[in-house]
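Visitor: There's a structure below that I have some questions on.
The values are calculated or read from the model by the stated rules, or taken from the named source; none is laboratory data. All of these numbers come straight from a predicted model, not from anything done at the bench. Backbone-built Cβ (ideal geometry, glycine too); neighbour counts: all protein chains shown. The accessibility values were calculated without ligands, DNA or RNA, using every heavy atom of the protein model including side chains. Shrake-Rupley method; radii C 1.70, N 1.55, O 1.52, S 1.80 Å.
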Amino acid sequence: MIELKRITEDNIDQVIALEVGEGQQPFIETTNLRSIADAYVLNADGIPATPFAIYVDELVVGFLMYTYDTTDHESFKNTAFYGKKCYFIWHFMIGERYQGRGYGKLAIEKILTEIKQMPLGEAEYVDLFYHRKNAIARTVYASCGFVDSGIIQGDSVHASKKL
């Protein structure tokens, strides 16, 4: 049902056109277009970044991007995460018209299956941040095994899943 496909000329416009609902806009720090551009820059800087279109059958319903890097931000100092390699879910969204159907959880489960294969290198964790007021994101991530670490950056809560 859910399939993740690399961003190509065939799906980039559909991914860029996806939007979240009006009430969810404060929860999204960046656009899909900006994340695709970030992937280009990160890859050029030697930090692997992999953007995907999320499909249900032949329909693009969302966007997901992960990176592989070292956790070295100052907010992680003196934590078990600091200085460790991890996979990081950089950006994730399901388009407004496709929400409430379980696609978000299925997409996270699908990407976790891929990440567990360690396609870019060894890591102990998969990390992500979500907006502290986004109860739906918190619920979806928790149902996939992510645990809040207590690390806060602005309005974002860090959650991690041990691989």
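Visitor: Give the range 3-23 a look and list any residue that's open to solvent by less than 50 Å² (accessible area, probe 1.4 Å) and more than 16 Å from residue 51 (Cβ to Cβ), or say none.
Guide: Correct list: 20, 21.
Visitor: Could you list, ordered by first residue, the pairs with Cβ atoms under 8 Å in which the first is in the range 106-118 and under 13 Å from residue 92 (Cα atoms) and the second is part of a helix (DSSP H, G or I) and open to solvent by less than 40 Å² (accessible area, probe 1.4 Å), at least 6 apart or interchain?
Guide: Qualifying pairs under 8 Å: 108/140; 108/141.
Visitor: Select from the range 19-40 the residues that are β-branched (Val, Ile, Thr) and assigned to a helix (DSSP H, G or I) and list them in ascending order.
Guide: Going residue by residue through the range 19-40, those that are β-branched (Val, Ile, Thr) are 20, 28, 30-31, 36.
Once the filter is applied, which keeps residues that are β-branched (Val, Ile, Thr) and assigned to a helix (DSSP H, G or I), the range 19-40 yields only 36.
Visitor: Just name the residue that is farthest from residue 89 (Cα to Cα) out of those in the range 40-56 that are open to solvent by less than 30 Å² (accessible area, probe 1.4 Å), of a type in the set (A, V, I, L, M) and touching a Ser or Thr at 6+ places or on another chain (Cβ under 7 Å). First the steps, then the outcome.
Guide: Within the range 40-56, the subset open to solvent by less than 30 Å² (accessible area, probe 1.4 Å) is 42, 49-56.
Add one more test, that the residue is of a type in the set (A, V, I, L, M), and what stays is 42, 49, 53-54, 56.
Applying the additional criterion that residues be touching a Ser or Thr at 6+ places or on another chain (Cβ under 7 Å) yields 42, 49.
On the way: 42: 14, 49: 10 Å.
Taking the candidates together, the pick is 42.
Visitor: Another question about this same structure. Tell me yes or no: at least one residue of the range 66-75 is out of contact with any Pro (no Cβ under 9 Å at 6 or more places or on another chain), open to solvent by less than 90 Å² (accessible area, probe 1.4 Å) and closer than 19 Å to residue 25 by Cβ.
Guide: No.
Visitor: From the residues in the range 119-135 that are touching a residue at least 12 places away in the same chain (Cβ under 8 Å) and among the hydrophobic types (A, V, I, L, M, F, W, C), which one is most open to solvent (accessible area, probe 1.4 Å)?
Guide: It comes out as 120.
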